[in-house]
Amino acid sequence: MPQDLRAVLRARLAGSGVDHSRFLTVPGLAPELVEGYGVRVPTDPTPAAVLVPIVDHADGLTVLLTERAADLRHHPGQISFPGGRLEPGDTDPVAAALRETEEEIGLARRHVEVIGFLPDFLLATGYRVTPVVGLVTPGFRLALDQHEVAGVFEMPLAHLLDPANHRRRERQIGATTVEVHDIPFGARHIWGATAAMLMTLCALLTDPHDR
């Protein structure tokens, strides 16, 4: 694929928007593999949004990820993107993603350029999550909410795009066994909805039919 990932990223996300009529329900599967799998999902999901922050370093792009606090009630210690449910003051998923990111890790929205969206994820936990992709200008300072976030780290986007860094495993969905992908990175292990969103981004950036 072209070497300039910045240009590829912008081109592949150009024209994308929030589309609640299109969603994924099987974490870990690329979009084209989701159709045909029946998953019991909530009929009235809670709207939520996350920011997929891609840091635009001069020597390459990285994905900024968080590690959830170990004492949280839901998904303690899991690798995730900053985000959460839409609050009454949020005008749209972008507003929610940027607000939650500021609250969780202190990343000021002036450093974030929203460049597109991934398909919504409808999760069995009751949330419809809109991934908002943002290009982040370096030079920011972070201030973590210690009640929610144990730490942050950056993973090179090139690591995600290398198939050698994807780990396949089987997951039971009702009576169906499906193959999903996890993403190990050093001592960390990215799985679940976060890995699903990353794999969706990977498929978008490496799809030969989109070149």
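Here are a few things to note about the model shown:
- The distance between label points at Ser21 and Arg168 comes to 3.5 nm (points 7 Å beyond Cα on the Cα→Cβ vector).
- Full extension of the chain segment joining Ala158 with Glu113 gains 14.2 nm, where the gain is 0.36 nm per residue of separation less the Cα-Cα distance.
- Using a Förster distance of 41 Å, the FRET efficiency for Asp59-Ala95 (Cβ separation, nearest 0.05): 0.80
- On the basis of the beta-carbon distance and an R0 of 41 Å, Ala14 and Arg188 show a calculated FRET efficiency of 0.85.
- Computed E for His147/Thr125 - FRET, C-beta separation, R0 25 angstrom, nearest 0.05: 0.80
Values quoted throughout were computed directly from the atomic coordinates according to the rules given, and no laboratory measurement underlies them. Values in this document were obtained by computation on a predicted structure and should not be read as measured data. Glycine also receives a Cβ, built like all others from the backbone with ideal geometry; neighbour counts cover every protein chain displayed.
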